[in-house]
Amino acid sequence: MDCRHIDESEVKEILETGTLNSAKIETSEKGTSYPLEGKTHDGQRVRIVFAPKEDGTTVVVTVIDLDTDFSCSCN
């Protein structure tokens, strides 16, 4: 998230207001992940992939800035 300049408030914002990209839904042995897309309050166009878990929690799988490919060395 830091590498892509996306913070927790933006993740929550997209979870609440984002649009599901049904073409990018993925299912594996770990479950199904749902990509939501939208614009954050600071104007970033993002895709955030969420995966609901059996215990009722939701995990953020990845965050992507759709306009900028930031370089990152935090791996």
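The values are calculated or read from the model by the stated rules, or taken from the named source; none is laboratory data. Remember, it's a predicted structure, so these values are computed and weren't measured experimentally. Backbone-built Cβ (ideal geometry, glycine too); neighbour counts: all protein chains shown. Note: areas computed on protein heavy atoms with side chains; ligands, DNA, RNA excluded. Shrake-Rupley method; radii C 1.70, N 1.55, O 1.52, S 1.80 Å.
Does at least one position in segment 31-53 carry a residue that is open to solvent by 40 Å² or more (accessible area, probe 1.4 Å), modelled with pLDDT under 95 and among the polar types (S, T, N, Q)?
No - not one qualifying residue is present in segment 31-53.
Looking only at residues in segment 12-30 that are in contact (Cβ under 8 Å) with a residue 24 or more places away in the chain and out of contact with any strand residue (DSSP E or B) (no Cβ under 6 Å at 6 or more places or on another chain), which one is surrounded by the fewest Cβ atoms within 10 Å (Cβ to Cβ)?
15
For segment 1-11, give me the residue count where each residue is of a type outside the set (Lys, Arg), assigned to a loop (DSSP other than H, G, I, E, B) and open to solvent by 90 Å² or more (accessible area, probe 1.4 Å). So that I can check it myself, show each step before the final result.
Pass one, segment 1-11, residues of a type outside the set (Lys, Arg): 1-3, 5-11.
If we keep only those that are assigned to a loop (DSSP other than H, G, I, E, B) too, we end up with 1-3, 5-7.
From the residues that got through so far, the ones that are open to solvent by 90 Å² or more (accessible area, probe 1.4 Å) too are 1-2, 5.
So the count comes out to 3.
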